[in-house]
Amino acid sequence: MKRLVPIAALAGTLFCGAAHAQGLPATSFNAVGSIGNLSMYTNREVPFWNEKVPKESGGAIKVQVKPFTELGFKGPEIFRLVSAGTLQFATTVLNYNSGEVPMNEATDLVGLVGSVEELQKVVDVFRPTYAKFLEEKHGLKLLGFGTYQAQVIYCRDAFTKVSDLKGRKVRASGASQQAFVSHIGGSPINLAFAEVQPALASGVIDCAITGALSGYRSKWHEAAKFISPMPINFGLSAQLANLKWWNTLDPKVQAFLATNLRKLEDSIFDQAKTETQTGLDCNTGKACSEGAPAAMKLVAVTAEDEALRKDALTKVILPAFAGRCGAECVTTWNGTIGAFLKVKIGQ
């Protein structure tokens, strides 16, 4: 009789585990992750797909994940490949494809928001509209967002204010970053992320824009010696599935993935909220939890810099976005993001 209780308990445990596993049919697929050496991938995406999903699905869902940087992709093509069904699922930086699909940059235009917290609020406002747009126009299922920390300016040579970048070749990703660089008199250069560090080292480019911590992790500080902490934008990403493929999944699998990918989104935003300062500290010789501190010079943000960014938003960034996006898109933007931020295109 003494063995009856533990055996019964064990049987109950096995039954519950089996019931849980049976609730989700065996499902496997490939996922393309974000930049392989950065924290969004290493600290969030890898544990999510390799540990959390198998564990919480009772082993029913198995995903093979690799970052796009290890698969021979440059970045801008990821959005198109998921849309076409060549890839089933991917996390992609939206501004990589914003020249082709302007709506992808709607929430992360240069100068639009000043913090990760504010970006997260704007994303929530725009989510239903953007999800519908992706389904109807591109055959994509939006399952979540993510973001890097503030995108800041790295330069090889000294500068004391952002307007000093006039005449310099500046790597800029996305249409609004490129419009900003042109507005300040620089020459925007489109380079894949993996190509930036050698381009800085060889002098092919003078400056580049990326996340404060992303640049440190990718050793941009080995060639770039000056950094401005002014946030240009934030590097919003999206977790996208091909819609036709998504619709073949069991509804229980869909619900499981949708719920857990939103939790992944929250964890990525929480991580990004602290990474701007971490990146600046690591780059400028302060205590660094990521490795040996670099010796870049921090270029303090001036009132002139802030005015320049605001001027660029109203005079260049928003009008250029409107020109790329079209009248219907502008109406949608004004009624969602614009209404929330009290900014209107066309005034």
To the nearest 10 square angstrom, what accessible area does LYS273 show with a 1.4 Å probe?
80
If you take the square roots of the eigenvalues of the alpha-carbon gyration tensor of the stretch 212-347 and sort them as a ≥ b ≥ c, do you get rounded (a/c under 1.5), prolate (a/b over b/c) or oblate?
oblate
Using a cut-off of under 17 Å, list every residue of the stretch 31-58 whose amide N is near the label point 7 Å from the Cα of SER289 along the Cα-to-beta-carbon line.
38-45
Please state, rounded to one decimal and in Å, the Kirkwood hydrodynamic radius that the stretch 109-203 gives when every pair of distinct Cα atoms enters the mean of 1/r.
15.7
Segment LYS297-ARG262, extension gain: residue separation times 0.36 nm, minus the distance between their alpha carbons
8.8 nm
Among PRO67, PRO229, PRO25, determine the one that fluctuates most according to a GNM of the chain built with springs between C-alpha atoms less than 10 Å apart.
PRO25
For helix 4-23, report the angle its Cα long axis makes with the longest principal axis of the Cα atoms of the chain; keep it between 0 and 90° and round to the nearest 10°.
50
With contacts defined as alpha carbon pairs under 8 Å and 6 or more residues apart, what's the relative contact order of the stretch 239-311 in percent?
14
Of the heavy-atom accessible surface of the stretch 142-223 (probe 1.4 angstrom), what whole percent is carbon and sulfur?
48
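So for the chain: antiparallel DSSP bridges make up what percent, rounded to the nearest 5? Before the final figure, lay out the partial values.
Values: 20 of 36 bridges.
Rounded to the nearest five, the antiparallel share is 55 percent.
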Given the options GLY203, LEU249, ILE189, identify the residue whose Cα lies farthest towards the positive end of the charge dipole of the stretch 188-277 (+1 on Cβ of Lys, Arg; -1 on Cβ of Asp, Glu).
LEU249
Please get the size of the charge dipole for the chain, origin at its Cα centre, with Cβ charges of +1 on Lys and Arg and -1 on Asp and Glu, quoted in debye to the nearest 20.
440
Modelled label-to-label distance, ALA255 and GLU328, 7 Å Cα→beta-carbon offset: nm?
3.4
Roughly how far apart, in whole Å, are the Cα centres of the stretch 307-330 and the stretch 49-107?
28
Would you mind checking LYS74/LYS166; LYS161/LYS225; LYS263/LYS310; LYS66/LYS169; LYS286/LYS315 for any pair whose Cα atoms are more than 26 angstrom apart?
LYS74/LYS166; LYS263/LYS310; LYS66/LYS169; LYS286/LYS315
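The values are calculated or read from the model by the stated rules, or taken from the named source; none is laboratory data. Just so it is clear, the model here is predicted, and its values are computed rather than measured. Every residue, glycine as well, gets a Cβ built from its backbone with ideal geometry; the counts of neighbours run over all protein chains shown. Each accessible area value is taken on the protein alone, full model and side chains, heavy atoms only, with ligands, DNA and RNA left out. Shrake-Rupley method; radii C 1.70, N 1.55, O 1.52, S 1.80 Å.
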